[in-house]
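Student: Quick one: structure below, then a few questions.
Every read-out reported here was derived from the displayed coordinates using simple, explicitly stated rules and does not represent laboratory data. Keep in mind that this is a model prediction, so the values were computed, not measured. Note that we place each Cβ from the backbone using ideal geometry, even for glycine, and neighbour counts take in every protein chain shown.
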Amino acid sequence: MRRWAQTSVVLMVLVGWVGLIVACGQSEPAASPAADQASQVSGPRTGQQIFAATCAACHGADGKGAENWMVRDEDGRLPPPPLNGEGHTWHHSDGVLYGIVSEGGAGIGFGSNMPGFKEELTREEIVAVLEYVKTWWEGKAIDGFPIAESQRELSEADPYPIDEG
Ligand code: HEC
C-alpha cells in the first residue's frame, strides 16, 4: 500500500513535468518570433540602438571615448570624451546635454568636432540616447560623490527643452 502511494506520487510529479514541457514547447514557436519581429521592425528605436548607430563610432560602443581625450589634436580640437561617467559629461544639465547633441559642439559656441544631430534625430531620439548614456552613471561615484544624483539635481533647473512639435 505504501509503495503504491509512493509510486503514484512519483507518477503524478512525472505527469506534471511532462505536461509543463509540452505546454512550453507548444507556446514558444507560436508567440515569440512574431513579438521579436514587431519590436525590431516597428516602434521607436531605443536609446541603445541610436547610440550604437550614431554615437559609438566616435565615443566607443561602451562610451569609453578616445584614448587621449584630454589632449587636443593638431587642429586644436578635443577628441571624443568618455560619456560613461569617467569624464565630466555628468557636470552638464539635461538642457546643456541636449544642446550639445542637437546643435553640436560648434553650435554652442566653441570649435569642436562634435557634430550636431538636429537634422538627423528627433527630440525623442535625442532624449532617448541621452537617457541611455545616463544609465552608465547610475550607482557611480567619484570620491564618494554620486554623479547620477548630482546630474539630476542640476537638471531640475535646466531640463530637456519642452517638446514644441
Ligand atoms: C564625429 C564624431 C562624433 C560623433 C558621431 C558623436 N560625437 Fe559626441 N563628441 C565628439 C567630440 C570630438 C566631442 C568633444 C567636443 C569638444 O569638447 O570639443 C564630443 C562631445 C560630446 C558631448 C559633450 C561631452 C562633455 O563631457 O562635455 C556629448 C554629451 C556627446 N558628444 C554626445 C554624443 C552623442 C549622444 C552622440 C550620438 C548621437 C555623439 N556624441 C556623436 C565627437 C562625436
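Student: Would you mind classifying segment 47-157 by shape? Square roots of the alpha carbon gyration tensor eigenvalues, ordered a ≥ b ≥ c; an a/c under 1.5 is rounded, otherwise it is prolate if a/b is larger than b/c and oblate if not.
Tutor: Taking the square roots of the gyration eigenvalues as a ≥ b ≥ c, segment 47-157 is rounded.
Student: In whole percent, what relative contact order does segment 47-157 give with Cα contacts below 8 Å and a gap of six or more residues?
Tutor: Relative contact order of segment 47-157: 25 percent.
Student: Give me the net charge of residue 54's neighbourhood, meaning all other residues with Cβ under 9 Å from the Cβ of residue 54; Lys, Arg count +1, Asp, Glu -1.
Tutor: Around residue 54, the charge tally is -2.
Student: Okay, moving on. Assuming 0.36 nm per residue, please report the length gained on full extension of the stretch residue 140 to residue 103 beyond their Cα-Cα distance.
Tutor: Gain in length upon complete extension: 10.5 nm.
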